[in-house]
Every structure is written in structure tokens, then in C-alpha cells.
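Below is one structure, written out as C-alpha cells, with a few remarks after it.
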Amino acid sequence: MLAQSHTALVTTPHPDATRAGLAILRDGGNAIEAALAAVATLCVVYPHMTGLGGDACWLLARDGGEPLGILGIGQAAAARPPDVGLAMRGPAAAFTTAGAVDSWRLAHQLSRESWAGTLDWPAILQPAIACAEEGYTVTQSQAFWYKIHRAALDPQPGFKDTFERPDGRSESGCRQTQSALAATLTQIAENGPRSFYEGPLATRLAAGLRAAGSVVTRADLEATRAAYVTPLAVPYRDGEAFNLPPPTQGVTALQILHLLNRFEIPRARGDDTRFYVLLIEAIKAALADRNRFVADPTFIPVPVHTMLGGAPPACAGETAAPDAEHAALPGDTVWIGVRDPAGGSVSLIQSLFLDFGSGVVAGDTGVLWHNRGAAFSLIAGHPNAWAPGKRPLHTLSPALYRKNGRVRAIYGSQGGDGQPQTLAHILTRLVDFGLDPFTALARPRIHVGPTFLDSRKGIKIESNVGIAAIHDLQQFGYPIEIVSALNPGTGQAGAITVNAGGSLLLGAHDPRSEGLCLGL
């Protein structure tokens, strides 16, 4: 469904979170405050995709000002975990700290200092606390992923007690409460985000992780700091595309656009074979560079300038590399977009890495811990190899597009490797094809390599791409795997666009998802 407003829009993967953000705007709050209320609510009602025990990345901009990024990425614990990079679930996978809550602190600070924000933490977190205390309805998505991974998740410390009801039911439509998480959110509301890292709550979190078998300590939590960063940007058509610097794969999302920008994509030809070949080759080149170079730049230099100035992809009919091999990174997450009446825009992604993260709940806090450390490379000497205090290569990459100093689009998606791929689909459909957000999101997609729903290494193509294009791509030698139309594995995204004068906002959430976009 396409949402329209002349004032403000909020889009999230869950209707309750969208309504929480919209209520903040209705009460006079700004886009940052609305995004904080929405993401905190998602930590409760969408617990398989995000939570307090994960990471978050932000892109923020006001018309006429320069975009600003926030990296809320936790670092590896000081102690080396057993089987580093091998464990995907359980305490051995819970060995990086969680940066999301500290990113909330910096976002709120920016809101107060530069965006005329007035709301305090109790007001911002109240919707999330109410959902946790009073209960929420389990979504189809939560029930699906719990069913898929139940055998791996139920044995993890605290998981079953937190997410399975006393009657043993956990299917969609059931009501679920999270009283321990409500208490933790209340403490953050009363004492501020740093209480997650310092003080009694931090002590309980560390004790819970230690009892579960994690190597994360109280000192590791205290050392966790989110950071303001200058976003990366590349020209795209007559505007600029923005994303975040390493260790995120924001540079990968921009590299795809940089390569595509060297070729014309005629609107009249639509999603033809040439468009898909250009997209496939740009994605392959960018993912290959990501896997070679992207890591924590505080440990090793990342050649960002070279990556954003590389050679173009092969033209249609000239492709020489039909394979789609690359080191795949999974990733389930949430993207939130908010535009406020004052021209403030927020593009925010927060994640637990895999669905339900490590599966470890930290003691009596109700906080589910992520498994982002699984993104470290297993190759000795690789730039992304584990080291104490190091941040792993990170899939979170919120996006923003600007023309003539004004935000024209904010957009983002979940999906690990699929994030930069889906971002390219969205922006080309918005800018090159001139589509509205809902139509752009609903158009067919391709996905190079495995998805979180499909481990095959070929190129996934949604069945509504068109027989002629599919046949042509097979003739070029691409390993094509046809998947269903509107397949969730090709990304669950959202977008908000702003017209040239700033007077008309259009927004949507992906028809592949359960999300909702609403406006004032």
C-alpha cells in the first residue's frame, strides 16, 4: 500500500512500531524521537529480527545540512572465544558486545542538540514498555522463524523460558508478554542508555552472559561506544547516494551504484535483460571487493577510494563470469524510515544478525544477545579476521539519496548479502524508472548468491521477471534459480520519497513483509 502525506511519514516492518513512531510525531516529536520509539517497540514485537542485544546503524539528515551517520557496532570481547567464527548459535556465538542501545544515546543527543528535540526517555520508551508488559500478537514471521530453528534455539540459555508460552504454544496470533524485557526497558528509561553498559543493569547483563558461557565481560560492555561518522557518498544520475563507511558494507552498496552510474538505464526499456546483466555484474564485483577488503578500519586500512572508483561491469552480451560465488553473509534485521514536518529524515537499521541472534538470553534481563561475531573471517591473516576489541564486517547499510542539497529518498532493507542488492533495485526503480515507492518495492528482483531462505549459490530470479529476460540470462550462462514472485528472500525493504519542493511525501513497506507505512 502506498502512503501519502504532506507532513510526515513513518515506515517499519511491524504496524505497532509504525504507530508508535507516528504517535511521537503527532505529539510534536521529531524524526529521531519517532525512530527511537519505533525501534524500541520492534525490540519487543519483532524479537526475531532485532533487540537490545544487537547493533544499529543510522543515517540522519535535515534539508540543507550534511548527512550524519551513527555506527552502533559492538566489538569483540577481550577474551578469545572458543571456535571463533564457527559457532552460529549459543554462548560461543555471543562474543561481541551490543552497540544498538549506545547508538540510541547518540541519536537522542543529536535530537536534543540540533533537531530541537524535547522528549525524554520515559516518553520515548513507553510504547515499547507497554507492549512488553501488556503483551503483543506473535507475527507470522516470528512464528515461522521460531519453527524453522526451534531445535537450535530451545536449548540456548533462557530462550525457551522467554519465547515459549506456558501452554507451549508459539504460533502466530498468540499473545506474548516479556516482563523481564519490560523491566530492562524501564531501567533504561529511568537511567539512560549508558545504564546498559555501566551500573547495576550492566552488571546483571554481564553476569547473565557469563553464566550462559559467553566470554563478554562487564569491562567489555563498559568499553562499548557508538560513534558519529561521516557517511560515504557517490554521484548517481543527478544526485548523490549516501551510505555508511566500513566496517559496514555501505561501501558495497555504493560501489554497485557507482558501477551502474556509468551506464544508461532507459526507462522505456523497463526491466530488460541488459538491466539485469548490469545489475548482476555490478553486484558480483562489489561483493567480491567487500569480501577481500572490508573490515574494521581502526585495525586495517580499507581502500574505499579504490572501491568507489573501480572498473565498470561487463555490458549485456559481454559477461565473462557467469558464476555467483562469494563468501555469503546471512542477516535478519529491521529497517525504519521516518520523515518529520521540519524536513528531518532518519534511515535506521538494527539487527541481531541471524534470526533470534545467538539464542542466548542474558540472565534475568530478557535481553536476547546477537551473534554478529559469526561475520568474522575464518581465514588467518584476512583483514576481517578476529582480534580482541575488533568490530566484524557488518551487513547493516541504511541508505539515503539527495539532490540539490535536499533529501529525496530514504530506503533500506534486511537480508545480509541482499541488503546492497536490494538497495540497488530500489534506487534504480525510483530514480531511473521514476516509480513511486510501493511500485518500486513490488517490482521483481534478482539476488546473487545464497539468501537466508535459499542456500543455493546461483542467481535467484523472481518468477515475474519475465520469460524473455530469464531465457536470455540463461543463454548467457548465468546459473539461474527461479523463485516465487514477491519472495521474502530477496529482501524486505521500505522507502520514503520526497518531491523536489518537499511538499509531497510518498512511502511504503515491502509487500514481501508484514510492514506498514503511515503518515500524519
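The values are calculated or read from the model by the stated rules, or taken from the named source; none is laboratory data. Note that this is a predicted model, so its numbers are computed, not measured. Neighbour counts run over all protein chains shown; Cβ positions are idealised from the backbone, glycine included. Each accessible area value is taken on the protein alone, full model and side chains, heavy atoms only, with ligands, DNA and RNA left out. Shrake-Rupley method; radii C 1.70, N 1.55, O 1.52, S 1.80 Å.
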Checklist entry - Looking at Arg80, is it more than 29 Å from Ala143 (Cα to Cα) and either out of contact with any Ser or Thr (no Cβ under 9 Å at 6 or more places or on another chain) or not hydroxyl-bearing (Ser, Thr, Tyr) (or both)? => result yes
Checklist entry - If only one of Ser172, Ser141 is modelled with pLDDT under 95, crowded, with 20+ Cβ neighbours inside 10 Å and either among the acidic types (Asp, Glu) or within 23 Å of Pro13 (Cβ to Cβ) (or both), which one is it? => result Ser141
Next on the checklist: Can you find a residue that is modelled with pLDDT of 95 or more, in contact with a strand residue (DSSP E or B) (Cβ under 9 Å, 6 or more places away or on another chain), crowded, with 24+ Cβ neighbours inside 10 Å and in a strand (DSSP E or B) anywhere in region 27-36?
Outcome noted: no
Checklist entry - Out of (1) assigned to a loop (DSSP other than H, G, I, E, B); (2) over 23 Å from Thr395 (Cα atoms); (3) in contact with a helix residue (DSSP H, G or I) (Cβ under 7 Å, 6 or more places away or on another chain), the odd one out for Asp16 is which? => result (1)
Checklist outcome for this item: Apart from one, (1) part of a loop (DSSP other than H, G, I, E, B); (2) within 15 Å of Ala424 (Cα to Cα); (3) of a type in the set (Phe, Trp, Tyr) all hold for Phe299; the odd one out is (2)
Checklist entry - Out of all the residues in region 146-160, which are closer than 18 Å to Ser214 by Cβ and buried (at least 17 other Cβ atoms within 10 Å of the Cβ)? => result Leu153, Gln156, Pro157, Gly158, Phe159
Item to check | Selection count, region 46-64, where residues are modelled with pLDDT of 95 or more and open to solvent by 10 Å² or more (accessible area, probe 1.4 Å) | outcome: 1
Next on the checklist: So, Ala485, is that one open to solvent by 10 Å² or more (accessible area, probe 1.4 Å), hydrophobic (A, V, I, L, M, F, W, C) and either closer than 27 Å to Thr333 by Cβ or modelled with pLDDT of 95 or more (or both) or not?
Outcome noted: yes
Item to check | Within region 195-204, considering residues that are open to solvent by 40 Å² or more (accessible area, probe 1.4 Å) and touching a residue at least 24 places away in the same chain (Cβ under 8 Å), the one nearest to His108 (Cα to Cα) | outcome: Glu198
Item to check | Number of the condition not met by Leu435 [criteria: (1) under 30 Å from Gly65 (Cβ atoms); (2) open to solvent by 10 Å² or more (accessible area, probe 1.4 Å); (3) touching a residue at least 24 places away in the same chain (Cβ under 8 Å)] | outcome: (3)
Checklist entry - Given region 82-186, what helices (runs of 4 or more DSSP H) lie entirely inside it while holding 2 or more residues that are over 26 Å from Glu514 (Cα atoms)? => result 100-114, 121-134
Item to check | Scope region 211-237; condition over 19 Å from Gly389 (Cα atoms) and part of a strand (DSSP E or B); matching residues | outcome: Leu232, Ala233, Val234, Pro235, Tyr236
Checklist entry - Does any residue in region 456-485 that is over 13 Å from Asp272 (Cβ atoms) come within less than 6 Å, Cβ to Cβ, of a residue that is at pLDDT 90 or above and among the aromatic types (Phe, Trp, Tyr) six or more places away or on a different chain, and which pairs are these? => result Ile459/Tyr478
Checklist outcome for this item: Given the conditions (1) under 27 Å from Lys390 (Cβ atoms); (2) in contact with a Leu (Cβ under 6 Å, 6 or more places away or on another chain); (3) modelled with pLDDT of 95 or more; (4) not basic (Lys, Arg), every one holds for Thr96 apart from (2)
Checklist outcome for this item: Of those in region 235-274 that are farther than 30 Å from Asn464 by Cβ and of a type in the set (A, V, I, L, M), the residue surrounded by the fewest Cβ atoms within 10 Å (Cβ to Cβ) is Val251
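Yes/no matrix, rows are residues, columns are (1) aromatic (Phe, Trp, Tyr); (2) part of a loop (DSSP other than H, G, I, E, B); (3) touching a Pro at 6+ places or on another chain (Cβ under 7 Å); (4) open to solvent by 10 Å² or more (accessible area, probe 1.4 Å):
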site: Gly373; (1), (2), (3), (4): no, no, yes, no
site: His382; (1), (2), (3), (4): no, yes, no, yes
site: Arg391; (1), (2), (3), (4): no, yes, yes, yes
site: Leu396; (1), (2), (3), (4): no, yes, no, no
site: Leu400; (1), (2), (3), (4): no, no, yes, no
site: Val407; (1), (2), (3), (4): no, no, no, no
site: Gly412; (1), (2), (3), (4): no, no, yes, no
site: Gly416; (1), (2), (3), (4): no, yes, yes, no
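For (1) touching a residue at least 24 places away in the same chain (Cβ under 8 Å); (2) touching a Lys or Arg at 6+ places or on another chain (Cβ under 9 Å); (3) among the aliphatic types (A, V, I, L, M), each residue gets a yes or a no:
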{"position": "Leu2", "(1), (2), (3)": "yes, no, yes"}
{"position": "Ser5", "(1), (2), (3)": "yes, yes, no"}
{"position": "Leu9", "(1), (2), (3)": "yes, yes, yes"}
{"position": "Thr18", "(1), (2), (3)": "yes, no, no"}
{"position": "Ala31", "(1), (2), (3)": "yes, yes, yes"}
{"position": "Ala35", "(1), (2), (3)": "yes, no, yes"}
{"position": "Val45", "(1), (2), (3)": "yes, no, yes"}
{"position": "Met49", "(1), (2), (3)": "yes, no, yes"}
